[in-house]
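For reference, the structure discussed in these notes is given below.
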Amino acid sequence: MFFGNLASKGTITLILIFFAQTFMIQTVSGQTQLLRHPDLSATHLVFAYAGDLYVADPMGANPRRLTVGAAEESHPHISPDGTMVAFTGHYEGNTDVYVMPITGGQPVRLSYHPGDDWVRGWSADGSAVLFSSDRGLSYQRGGQLFEIALTDGIEPNGLPRALPMPIAWDGAYAPDGGQIAYQPFPSGYSGSAGWKGYRGGTTPPIWIFDTKSHEISAIPNDGVNDSHPIWLDDSIVFVSDRDGVANLWSYDLADQTLRQHTYHKDWDIKSAAGYGRRIVYELGGRLHLYDLETKSTNALAIELTVDLPAARPKWIEGKDYIAEARLSPDGQTALLSVRGEIISLSVNHDEMIQITRSSGAHDRAPLWSPDGRKLAYLSDQSGEYALYVGAVSGLGTTTYYDLAGAPATYRLHAFTPDGSAILYEDNHLNLYEISLKDGTSVRIGGHARRWYPHGFALAVSPDSRYVAFRRANETYLNSLMIHDRQSRETFPLTNGPGSLDAPVFSRDGKYLYFTASTNSGPAGAWLDMSNQDRMVRRGIYAAVLSASDPTPVLPEIDQPPAAPIPPEKSRKKAKDKAAASDPEAPPQTRLDREGLEKRIVALPMVLRDYNRLMIGKDGALYALALRPDAAEENPPGREDEAVNSLYRFDFKTHKESLFLADVGEAAISANGDHLLVSRPKKSWAVVETGAPTAPMQGIKDLALDKIRLQIDPRAEWRQIFNEVWRLERDYFYDRAMHGLDWEAVRQKYAPMLDHLGRREDLTHILIEMISELGVGHARASGGDIVKADGQKVGLLGADFRVANGYYQISRIYDGESFNPFLGAPLAVPGLGVKAGHYLLAINGQPVTASDNPYRFLEGTVGRQTLLHLNDKPEMKGAYSIIVQPIPNERGLRRWAWIEDNRRHVAALTNDRVGYVYLPNTAADGFSYFNRYFFSQLDKQALIIDERGNAGGQAANYIVDLLNRSHLASWKDRDGALFTTPVGAIFGPKVMLIDQFAGSGGDFLPFAFKYQTGGTLIGTRTWGGLIGIGVAPDLIDGGQITTPYFRFIHPEGGWAIENEGVSPDITVELTPKAVIEGRDPQLDKAIAVILQQLGENPPPKLPSAPEGP
C-alpha cells in the first residue's frame, strides 16, 4: 500500500540525537537485570554486569564495582577463605585467568597460553585456581580442567597442571579434595548456541571422579542437561533441565537419590554457585538466593547506578561497515550503505555526505534513480522494512511505500530505466515490481526452490518493457525468464539443457547477453559434498532479440569504398535523420519470440566461471570471472575476497583482454563510463571503462577513511533485537514457528533491553530469545564488541614435563608430511632438538619450573625467538637456536593424533585395515578423505573416524565412495590389474561417532548406516539437522543463523534433529582408559572390523585369463 510523504528525516533525527545526548544519563536504575555468573561466600556476593565485576553483601546490598575496563571480566569465583576472587579476563587480546583481592586492587595474570582459559573455581584448600581450557585438545570440542598453584597467596607458581580427566568442562572438588564432580563437556545449549529443550547426544552428565583410582560414578542422567556442580557436604547440587526447564536439583551421595529444589517454569537457571547451605543463581537476568535449610528462594533486589561507557553515543570509522555500494549514473558519486546509514561519497573530491541519520533504523540497499536526482532505499524505521524514495541530498520530502504481501525481508534490485518502477525481491523467492506512481506491487516471477546462487540476477531493457531474470528451477539448474511489462507475460528464453545466468541488455536494446554452463551439473546443490572442487565453466552468449537484426559478432568483410555523397545531400540526410528521432527517447527493444532460441550465438571468449556481465558506453562487454576455490589455496592470514578478474570483450575486434585483476565485486554506472569495484583489503575504487593504454590507468580509490559516523548504541541495540526477531520470523523453516506465539516471545525479552550496558549482553539476549525455537543451529555472535589488543603468545609445538627443576621436552610435534601451512617450530630440519632436552632460556631470560614459560613467549608469534636448550638440566654446554613460534598448536596435535591412530590400527590388524579421520564434512573433510582413503586402497577393510566432526555439507561424496561395488578389472600388458571403480575398498567398514560430531557429522553416520549397512561405534551424535544460511548481517556486522531447511528421513518423517544418531555399539571414552593410554572406542572398532573381516572377507577379484 502507498502511504505518503515524510518530512525530512535528517532534520528530525538531528533534533532527537541532540535531545538524547543532552539529557540521557548513562545509568541503570531500579532492579538491574542482566546480572551474571554469581558466586557466594560467608561475607560477599560477587557477580558480573556489562563486562565488569561487582561485589556486594551476601544479600546483594551495597554493590560496588570491583573491576573496570573495556575488556570483559567474567566467571568470578571467591576463594575458600573469602579473601580472593579468581576470574576470566579478556585483556591483552587473550582469554586468561586472573586473581585479585576481594577488596579490590590490581588483577594478577595467572595464565598466558593463547587457548581460552575459563575460571571454574578453586582447589579444596584454596592453594590453586581451577579452570578449563581447550589447550592440548586434538579433535574434541570443549576442554580439559587445569589448576594453577599460587605462591604468596596471589602469584602463579609454574605451569598449570592438567587434571587427570582427559575431557572436562566444569567441576568442583569435594571438601577433602579426593573427588571431583565434573561436567565432561558443554551442552548443545551453551555458548553462542540457543537450544531450549535440547535432547541430542551432547547432553552432559555429571560424573564423580576419584582422584586416586581414576574410576567414575555418575549422577543418573537420561539424556538431559546437567551442569554447574556444587559440592556441599554430603550432596552435590547442580542445575538440570530434567523437568523441561533448568532448575536446581541435588544428588544425595549416601542414598543416591535425586531431589528437585526449585520449580521455575518461564526461565532457565543459567549459572549457580554455593556456600554453606545457600545457593545463588542467575535466572531471567536477576540473581536469586536459595536456602537449602528453609527451602526458600529470595530474588535479590540489586540496583546499580553506574557509568556505562559502551552505551554512550560514539563516532566510528565507517570503512569496516560497508554493506553495499552503488555508483551514480554519471560515475562521479558512490552511494554506500554503512552501519545502517546511507551516505554519498564523491569520487574525485573525496567528500562525504550523510543522507540518513538513524541509529534506531537499518537504512540499506540504496539505488540511484536513472536521472541521478533521487535515491531509493529500504528502512525499518516503521518497525517493518518499507521502500523510501527521496532526494539524493536527503532534504525535502521522502515518499515511502509498503512492499508486497506479508512482512518479509527484502532486497532492492533496480529502477526501470524510465524511473517509473523499482524491481525488488522478498526472501520467499518472489520477484516484484512496484509502481512509484500508485505504490502497487506486481509479482513478475519466482524461484522453484531456494538454491545457489541465492536471489535473482536481472536486467531491464533500455525501453523499460522487458525484464530478464534468473530463475532457480526444480532441476537445480537456472533458466532465464523474460517478463513483458506490457502484456504481463513471462516466458523462458530457451528450453535448452544449460544453466543460465547474469543477463544484461545491450545499450541499443537489440541483444540480451548472458552466461550458460553445460558442465555445472549439481553445482547449485551446494549442500552436497560432491560439489567440492567442482570447476564450473560458463560461456557468454548473445540472444538476438529481433528476427531482423544481425548477430553481434559478424565477421569483418572487406568491401570496396562507397562512392562519396555530395555535401549538400549529406547535410540534408543528417538533418532529416535528426528531425525523425528524439534524442531523449531510449532505444526500443523489439522481441520476436518465434525462433528466439535459434538466434542465440556464442561470443568467442574463454570459458570461465563468469558471475556478472556489464556493457560499457562504447558497447564493449565486461565480464567478472570468479576464481575457482579449487584453483589455489592461500596460507592462513593471506585470504582475501578480492581474487576475481574482470575481462573486456571488444565487439569490433572480437577479442577479449584482462581489464582488471584482484577484484571482488563490480558494477557499472548507468552511462557506462565507469565501473565500481571492490579491491583487496576492503577497499573500493572507480575505474574508467574503455581499453586502457597502461596498466591501472584510470583507477580512483574511494576515500573510505573520510567516512565517520555517530551512532547511538542503545538505539542500535534495540533495532538489532527487533531485526533478529523479524529475521527468524521470515526465514524459519516452519512458518508456524513450532507453535510459538512469536510476538509473545519478543515481549518476554524486550524489557531486558533497558538494562543493556554493552553489545555482548545483547548477544546473550538474542541467544536466549532464539533458543525458544527449540532447534539446533540457532546462534548469534559478533557485532561491535570490544576486541582488546595485545601481543600474541607464541607456541613451540611441543609437550613439556617438569624434571630436575626445569621443563623437559616430552614430545615434539612435527606436523607429519605434506601440510605446507602447518608450522612446527622445533621440528625444523637442522635444529637438532630432541625429546628429553631441557628448555633453559627464552630470549635470554632463564626459565625454571617455577616460571610459566608462556609468559616469556608473549609477543613472539612469527618472530625470531632465541632459545637455549641442553640435554642436561644446566646451562653449561647448552646450545642456542632461533625459532619462529606459532599462534596455536591445534593442527599439530590433530595430525599427530590421526597418525598415531592410523599406525595403531595398522599394527593391530597386520596392516590389513585402513584408518581415515574426518574433521568435518566441508573442505577439510573432503581433503582429509581423499588424502587417506585413496592412499589406503590396498587395505581389505576400513575404519572411518568422525569423532568431533564439525559438519558442513551432506557427505554424499564420501558415502558413495564407501559404497562402491566391483564392476570390472582391466589388464595392462606390463602393470598390475586395475579396477572399475578405481577408488574402492570392497571389504567391511565401521565408523566411530561421538557426542562432538554434529550437523553434517550427524548426516554422515546416518547415510553411512542407511546406505552401506556399516557398524557405528561410540556415543550418540549431537543431533542437529535443520540447516542454516541466507540471513543478512546485522547493522553492526553481527551474525545470526536462521534455521530454514530440515532433514526428512528417506522413508518419511522427521528424524535426527534433537535426537542424534545412536551407535550400534555404545562405548564411552572413560577417563581411566584414556589415562592409561588407551582409546576404548578405537580398540572396539579394531576388534569389530577384524571379526567382520573373518566372517565376511572382501571378494577375491578375478585374475586375467590365460591368453585372448
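Remarks
- Of the strands (runs of 3 or more DSSP E) that lie entirely inside the stretch 1-102, those containing 1 or more residues that are aromatic (Phe, Trp, Tyr) and either modelled with pLDDT of 95 or more or surrounded by 19 or more Cβ atoms within 10 Å (Cβ to Cβ) (or both) span 45-49, 52-56, 84-89, 96-101.
- Residue in the stretch 1033-1055 that is crowded, with 16+ Cβ neighbours inside 10 Å, among the charged types (D, E, K, R) and in the same structural domain as LEU1090 (by TED's automatic domain parsing) present: no
- Between GLU425, GLU433, the distinction of being in contact with a Gly (Cβ under 9 Å, 6 or more places away or on another chain) and crowded, with 18+ Cβ neighbours inside 10 Å belongs to GLU425 only.
- Condition met for ALA630 (part of a loop (DSSP other than H, G, I, E, B), over 32 Å from the mean Cα position of the chain (by Cα) and at pLDDT below 95): no
- Sole residue being over 30 Å from THR399 (Cα atoms) and part of a strand (DSSP E or B), chosen from PRO497, PRO503: PRO503
- Taking the stretch 934-981 as the range and being free of Cβ contacts under 8 Å to residues at least 40 places away in the same chain and part of a loop (DSSP other than H, G, I, E, B) as the test, the residues that pass are ASP938, ARG964, SER965, LEU967, ASP972, ARG973, ASP974, GLY975, ALA976, PRO981.
- Scanning the stretch 863-889 for residues that are assigned to a loop (DSSP other than H, G, I, E, B) and in contact (Cβ under 8 Å) with a residue 60 or more places away in the chain yields ARG863, PRO873, GLN884, PRO885, PRO887, ASN888, GLU889.
- All of (1) at pLDDT below 95; (2) of a type outside the set (Val, Ile, Thr); (3) under 32 Å from the mean Cα position of the chain (by Cα); (4) surrounded by fewer than 22 Cβ atoms within 10 Å (Cβ to Cβ) hold for TRP315 with one exception: (1).
- Residue check, THR1019 of a type in the set (Ser, Thr, Tyr), within 30 Å of HIS214 (Cα to Cα) and in contact with a strand residue (DSSP E or B) (Cβ under 7 Å, 6 or more places away or on another chain): yes
- LEU287 free of Cβ contacts under 8 Å to residues at least 40 places away in the same chain and under 30 Å from ALA70 (Cβ atoms): no
- Among the residues of the stretch 354-380, those identified as among the polar types (S, T, N, Q) and part of a loop (DSSP other than H, G, I, E, B) are THR356, SER358, SER359, SER369.
- Within the stretch 385-411, the set of residues being over 29 Å from the mean Cα position of the chain (by Cα) and not in a loop (DSSP other than H, G, I, E, B) comprises LEU387, TYR388, VAL389, GLY390, ALA391, THR398, THR399, TYR400, TYR401.
- Scanning the stretch 459-494 for residues that are part of a strand (DSSP E or B) and among the aromatic types (Phe, Trp, Tyr) yields TYR466, PHE469, PHE491.
- Given (1) out of contact with any Lys or Arg (no Cβ under 9 Å at 6 or more places or on another chain); (2) in contact (Cβ under 8 Å) with a residue 60 or more places away in the chain; (3) not aliphatic (A, V, I, L, M), number of the condition SER927 does not satisfy: (2)
- Output for the stretch 268-303, where each listed residue is surrounded by 17 or more Cβ atoms within 10 Å (Cβ to Cβ), part of a loop (DSSP other than H, G, I, E, B) and touching a Gly at 6+ places or on another chain (Cβ under 9 Å): ASP268, LEU292, LEU300, ILE302
- Filtering the stretch 464-514 to residues that are over 38 Å from the mean Cα position of the chain (by Cα) and within 21 Å of ALA623 (Cα to Cα) leaves SER506, ARG507, ASP508, GLY509, LYS510, TYR511.
- Of the residues making up the stretch 1000-1035, those that are polar (S, T, N, Q) and assigned to a loop (DSSP other than H, G, I, E, B) number 2.
- Test result for GLY1018, surrounded by 14 or more Cβ atoms within 10 Å (Cβ to Cβ) and in contact with a Lys or Arg (Cβ under 6 Å, 6 or more places away or on another chain): no
- Residue ID - nearest to VAL861 (Cα to Cα), chosen from residues in the stretch 105-128 that are free of Cβ contacts under 8 Å to residues at least 40 places away in the same chain and in a loop (DSSP other than H, G, I, E, B): ASP116
- Residue satisfying all of: in the stretch 496-546; of a type outside the set (D, E, K, R) and on the phi > 0 side of the Ramachandran plot; modelled with the lowest pLDDT among these: GLY521
- Some residue of the stretch 903-922 being within 22 Å of GLY836 (Cβ to Cβ) and either among the aliphatic types (A, V, I, L, M) or assigned to a helix (DSSP H, G or I) (or both): yes
- Residue in the stretch 314-333 that is of a type in the set (Ser, Thr, Tyr), under 25 Å from MET769 (Cα atoms) and touching a strand residue (DSSP E or B) at 6+ places or on another chain (Cβ under 6 Å) present: no
- Among residues of the stretch 238-253 that are assigned by TED's automatic domain parsing to the domain that holds GLN179 and in contact (Cβ under 8 Å) with a residue 60 or more places away in the chain, none has a beta-carbon under 7 Å from a residue that is not in a strand (DSSP E or B) and not β-branched (Val, Ile, Thr) at least six positions away or on a different chain.
The values are calculated or read from the model by the stated rules, or taken from the named source; none is laboratory data. Because the structure is a prediction, the values reported are computed rather than measured. All Cβ positions, glycine included, derive from the backbone under ideal geometry; neighbour counts span all protein chains shown.
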